[in-house]
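Right, one structure below, let's go through it.
Derivation of every value follows stated rules applied to the coordinates shown; laboratory data play no part. Values in this document were obtained by computation on a predicted structure and should not be read as measured data. Virtual Cβ from ideal backbone geometry, glycine too; neighbours counted across all protein chains shown.
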Amino acid sequence: MLSLIKKLDKNYIVHLLVNIFFVVFGLIFYFESFNIRRGFQQIVGANEYPRYVALFLVILGIINIIKSGIKYRAGEREVEELKIFKEFRVAGDKIIPLFLLLILNILLTRIIGYFESGFVFMFLAIFVLGPKTKISLLKALGFAIFITLILYLVFGIIMNIYLPPGLIF
């Protein structure tokens with residue numbers, strides 16, 4: 001077994017592990033979707049959406065496992081570092097603040113509501129990750145208001161999907 005691992009190149013193992021993660025995460029997501037109750041006045045139940053996403057993840061993961069296995073057997077190995085690792089190093093200083101903003105968004109959703117926390121997330125993400133000028137502050141504010149109103153119109157009014165209520169919406 002150890003000699004087999006030494007023969008496999010690092011990039012192939014990373015591809016394989018990422019795709020196995022997608023499959024396992026998708027399966028967990030799928031089985032947990034049966035614990036979600038149907039939402040108030042929804043045409044499609046709240047438990048339907050995660051099932052579609054979960055099945056998509058599982059199918060995508062399996063396809064990529066098969067595809068990378070075929071490429072590896074054919075001898076198509078990546079000799080250079082994976083592109084994603086290069087991009088992570090370049091964007092490293094922006095990943096941690098964005099991750100912290102996502103956690104803040106999740107925490108704020110129950111306190112101030114879905115649309116309001118989404119507005120706060122978009123505004124802060126655009127401003128924190130972009131240039132720090134007065135113009136960019138106004139653009140971030142305008143864009144966050146615009147997207148929040150569009151999301152409210154589509155999901156709250158047109159599709160009538162129940163989302164955690166907030167202070168304004």
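For the pair Val53 and Ile20, label points projected 7 Å from Cα toward Cβ lie 2.5 nm apart.
Computed from the alpha carbon positions, the gyration tensor of region 91-169 leads to an equivalent ellipsoid with semi-axes of 24, 15, 10 Å, biggest first.
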